[in-house]
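Okay, structure first, notes after.
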Amino acid sequence: MKRGITRRRFVTTTAAAGASVTLGGGLLGRLVTPAAAAESPAAGLAAVTGPDGFANTLAAVEAVGGIARFVPEGSRVFVNANTAFRHPGSIVSPDVLLAVLDLCAEAGAAEVCLVKKVPDGYWQRSARAADHQRLIDGALISEREVEVVEIPGGVALKEAHVDRRLLSADVVLNVAIAKHHQGCDYSGALKNAMGPCAHRPTCRFFHVGANPGTDEWYPNPRHMAQCIADVQLVRRPDLCILDAGEVLTSNGPAGPGELTAPKVVAASTDPVATDAYGVRFLGLEPAAVPMIGMAAAHGIGRADLASVDVLTADVA
Amino acid sequence: MRTRTRALAALLLIPAVAVLVQCGRDPEPEQPDRSMAPAGEPEGLTRAAVAVEGWELDGEPLVFVGDTLFELINGGAELYHQHGFVQALSAQYVDGEGRTIALEVFEMGDAEGAATVFAEKAGESGEPVELGDEARLESYYLNLRSGRFIVTLTGYASDEQTTAGILALADAVAAELGGGS
């Protein structure tokens with residue numbers, strides 16, 4: 001079923017709600033009229049601010065071309081959602097993930113598989129859970145069968161043990177949360193690529209590298225950053241959705257810690273640009289987060305937001 | 001990029017599910033035994049999932065041992081493993097108005113390992129609270145150390161009722177753990 005929210009309607013609706021719509025390269029962009037924005041091609045990155053993470057997600061995806069651009073009818077979709085923690089600001093909001101399930105259903109996906117099961121009580125934190133129970137029940141949970149993938153272009157990571165479903169899916173959606181991370185300062189779309197990796201040996205190698213006997217938490221941040229950049233070469237996501245609704249700004253990745261509430265959801269096909277945009281929620285510049293430049297060096301995305309068509313909308 | 005398949009099941013070194021432990025409780029429990037079971041025994045740790053007035057357990061507490069800790073806190077598990085992690089308990093409480101508080105108890109091999117992890121997690125921020133060996137209260141959560149145990153109670157709100165619940169549960173859990181070193 002086609003919901004019928006076109007890019008034009010998204011822009012018009014946000015404008016009618018008193019939103020400001022900004023389109024253009026770089027962080028500043030240029031203010032344009034809603035009509036002009038509607039005539040533009042799909043944005044390279046869309047960031048929607050508003051009180052409702054579900055609505056923000058739908059609008060952000062629409063602004064980068066609509067879900068049908070990424071999820072063909074009858075496709076098998078692997079949703080790499082960061083839900084492996086429990087505390088506020090450490091995992092993707094259930095409203096954002098419900099929106100993703102909703103979009104996949106709208107596109108006519110034949111199968112939706114989540115990378116991991118969600119924590120107990122997770123869905124109940126969304127007021128929409130009851131209305132989406134059929135989609136929740138219909139989503140598969142990966143069995144976590146792994147394949148070993150060689151990464152000839154990897155600098156630090158030459159092979160990875162990854163979820164077989166990541167490799168076999170028709171479509172990969174990277175649904176990440178922007179938050180603090182003790183080992184790499186920031187966690188977002190790039191870091192979320194570790195989600196389909198086996199804890200041992202792959203994630204363990206990311207964390208401690210050549211220092212397995214260390215008693216430091218993350219002894220070699222640059223090694224970890226390089227591994228995160230390298231693992232992007234396994235399977236580039238078809239679409240990244242970054243939840244910055246509630247952001248953990250200390251004690252990451254697990255929390256609990258300090259929280260902020262930017263109430264933003266961003267979407268882009270480019271994981272590097274997604275994080276170059278997302279680091280602002282931690283008060284950082286892209287150049288201060290090594291994995292961003294390292295991933296860009298692999299040619300999988302753009303770290304310079306001035307070269308990205310960024311559309312922002314505020315529906316608050 | 002080339003792929004190759006190995007013995008898939010053998011590579012899954014991590015058990016697929018955590019150990020699920022039912023907290024069997026009498027309606028009117030007898031005076032609690034302060035001597036915790038030896039380190040590593042799940043029945044010792046599940047006793048920390050106490051109930052207090054106005055807050056009831058929601059679902060069954062889960063115990064995580066070894067690498068299953070990654071299922072609870074993913075990459076956060078490294079810190080615990082590097083300092084003698086033994087097992088962890090996760091439980092959730094609800095009050096009559098739908099507020100929730102999450103309880104996590106981490107059992108370390110000794111008090112020194114627990115103190116190191118506590119210092120990393122809690123630091124010097126927050127308000128000191130006289131519970132256990134050390135405790136700090138933040139706006140919506142509390143970290144506590146008692147002997148070889150580290151306790152974190154997290155509310156999903158920072159209203160007065162949730163904070164009161166966190167403090168009441170912290171007091172009860174600390175009493176149940178009793179140091180345990």
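Here A:E246, A:E150, A:E216 are screened, and the one residue that is among the acidic types (D, E), surrounded by fewer than 24 Cβ atoms within 10 Å (Cβ to Cβ), over 30 Å from A:A63 (Cβ atoms) and modelled with pLDDT of 95 or more is A:E150.
Evaluate segment A:157-165: report whether one residue or more is in contact with a His (Cβ under 7 Å, 6 or more places away or on another chain) and in contact (Cβ under 8 Å) with a residue 24 or more places away in the chain. Taking every residue of segment A:157-165 in turn, none turns out to be in contact with a His (Cβ under 7 Å, 6 or more places away or on another chain) and in contact (Cβ under 8 Å) with a residue 24 or more places away in the chain. Inspect all residues belonging to segment A:256-263 and state whether any of them is in a strand (DSSP E or B) and more than 25 Å from A:A297 (Cβ to Cβ). Yes; the residues of segment A:256-263 include at least one that is in a strand (DSSP E or B) and more than 25 Å from A:A297 (Cβ to Cβ).
Can you tell me how many residues in segment A:112-139 are in contact with a strand residue (DSSP E or B) (Cβ under 9 Å, 6 or more places away or on another chain), within 13 Å of chain B (Cβ to nearest Cβ) and under 17 Å from B:E71 (Cα atoms)? The number of residues fulfilling the criteria is 7. Comparison of A:A297, A:A273 shows that the only residue that is surrounded by fewer than 20 Cβ atoms within 10 Å (Cβ to Cβ) and in contact with a helix residue (DSSP H, G or I) (Cβ under 9 Å, 6 or more places away or on another chain) is A:A297. When segment A:219-243 is limited to residues that are within 12 Å of another protein chain (Cβ to nearest Cβ) and of a type in the set (V, I, T), the one that is surrounded by the fewest Cβ atoms within 10 Å (Cβ to Cβ) turns out to be A:V234.
Within segment A:276-294, the set of residues being assigned to a loop (DSSP other than H, G, I, E, B) and surrounded by 20 or more Cβ atoms within 10 Å (Cβ to Cβ) comprises just one member, A:V289.
Among the criteria (1) within 19 Å of the chain's Cα centre (by Cα); (2) more than 14 Å from chain B (Cβ to nearest Cβ); (3) farther than 26 Å from A:G44 by Cα; (4) β-branched (V, I, T), the one A:I67 does not fulfil is (3). Can you tell me which residue in segment A:121-141 is surrounded by the most Cβ atoms within 10 Å (Cβ to Cβ), limited to those that are touching a Leu at 6+ places or on another chain (Cβ under 8 Å) and part of a loop (DSSP other than H, G, I, E, B)? For segment A:121-141, the residue satisfying everything is A:A139. Which of the residues spanning segment A:140-190 are closer than 28 Å to A:P219 by Cβ, facing chain B (nearest Cβ under 8 Å) and in contact with a strand residue (DSSP E or B) (Cβ under 7 Å, 6 or more places away or on another chain)? Across segment A:140-190, the qualifying residues are A:R144, A:V146, A:V148, A:V149, A:E150, A:I151, A:H161, A:H181. Restricting attention to segment B:48-68, does a residue exist that is over 14 Å from the mean Cα position of the chain (by Cα) and of a type in the set (F, W, Y)? Within segment B:48-68, one or more residues are over 14 Å from the mean Cα position of the chain (by Cα) and of a type in the set (F, W, Y).
Taking every residue in segment A:77-89 that is facing chain B (nearest Cβ under 9 Å) and aromatic (F, W, Y) and pairing it with any residue that is surrounded by 24 or more Cβ atoms within 10 Å (Cβ to Cβ) and outside any loop (DSSP other than H, G, I, E, B), at least 6 positions away or on another chain, the pairs with Cβ-Cβ distances below 7 Å are A:F85/B:I73.
For B:G75, the conditions (1) crowded, with 24+ Cβ neighbours inside 10 Å; (2) away from chain A (no Cβ under 13 Å); (3) over 17 Å from B:A170 (Cβ atoms) all hold with the exception of (2). Can you confirm whether segment B:89-96 contains a residue that is touching a Leu at 6+ places or on another chain (Cβ under 9 Å), aliphatic (A, V, I, L, M) and more than 11 Å from every other protein chain (Cβ to nearest Cβ)? Yes: segment B:89-96 contains one or more residues that are touching a Leu at 6+ places or on another chain (Cβ under 9 Å), aliphatic (A, V, I, L, M) and more than 11 Å from every other protein chain (Cβ to nearest Cβ).
The values are calculated or read from the model by the stated rules, or taken from the named source; none is laboratory data. Note that the structure is predicted; figures quoted are calculated from it, not measured. Counting neighbours? That spans all protein chains shown, and the Cβs are built from the backbone with ideal geometry, glycine included.
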